Amino acid sequence: MDLPVGCSGSFEDAIAEHEQELALCEALDDQLGMAVANRRVGECYGELGSFDDALRHQRLHLDLAQRCGSVVEQQRAHATIGLTHFRHAEACTTGTSEELQALNEAEESFKQSLQTCEMLRGTINDAEYSEMKTRLLLNFGLFRTANYTNFMWFVFSIACHIMSPLWHPFMFY
């Protein structure tokens, strides 16, 4: 049931469809399916600006992914949670404590997602790993440039992540 989020025309309709998906997965005791369905519901709520509802479902996604031992879904959960916090920060008034808290939580989630992504190196095919890491680094880029936090640090860190497979043999442990 890998349907695009919002395929029925509205996010409200998509939420209803994904909640049906969730109910079916619960009836089948499909923990991983429940995790993915919660992610999809959370993404829809995030698109609607209902950040608390989005995060509730995305945290369920993470919890279920951890219980299932799916490192790929854990990485996706951290990335999705980070993006939701980032979108929440964008919706806040600039300079408020709410915005700063959302930005801090976004950064922490993106870092956790990057660490989890690195755990997957060599356990998933190279194309999937590269696509996953590229998406994550793009999210980090959006975060860093929107947050105006030391842009040169961001450029350097992206270069390090891109070059890390080339530098690996020369690194000292």
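A short reminder: the numbers here are calculations on the coordinates, not readings from a lab. Keep in mind that what you see is a predicted model, and the values were worked out from it rather than measured. For neighbour counting, all protein chains shown are included, and Cβ atoms are generated from backbone atoms with ideal geometry for every residue, glycine included.
The distance between label points at residue 108 and residue 66 comes to 1.3 nm (points 7 Å beyond Cα on the Cα→Cβ vector). Taken along the Cα-to-beta-carbon direction at a fixed 7 Å, the label points for residue 48 and residue 127 span 3.6 nm.
Among 71, 41, 36, rank each residue by its count of other Cβ atoms within 10 Å, from fewest to most, as a rough exposure measure. Can you show the working numbers first?
Working: 71 16, 41 26, 36 23.
The most exposed by this proxy come first: 71, 36, 41.
Around the amide H of residue 92, modelled in the peptide plane, lies no amide H under 5 Å away from a residue 5 or more places distant or on another chain.
Applying the Karplus relation 6.51 cos²θ - 1.76 cosθ + 1.60 with θ = phi - 60° to the range 83-90 yields 3J(HN,Hα) values of 5, 5, 4, 5, 5, 4, 4, 4 Hz, where x marks Gly and Pro. In order along the range 105-112, the Karplus-derived 3J(HN,Hα) couplings, from 6.51 cos²θ - 1.76 cosθ + 1.60 at θ = phi - 60°, round to 5, 4, 4, 4, 5, 5, 5, 4 Hz, and Gly and Pro are given as x. What is the sum of charges, Lys and Arg at +1 and Asp and Glu at -1, for the other residues whose Cβ falls under 15 Å from the Cβ of residue 103? Result for the neighbourhood of residue 103: -3. Each peptide among 21-31, 129-139, 109-119 gets the average number of other Cβ atoms lying within 10 Å of its residues, and from highest to lowest they stand as 109-119, 129-139, 21-31. Rounded to whole numbers, the Karplus 3J(HN,Hα) couplings from phi for the range 58-75 are 5, 6, 5, 4, 5, 4, 5, 4, 5, 5, 7, x, 8, 5, 4, 5, 5, 4 Hz, using 6.51 cos²θ - 1.76 cosθ + 1.60 with θ = phi - 60°, and x at Gly and Pro.
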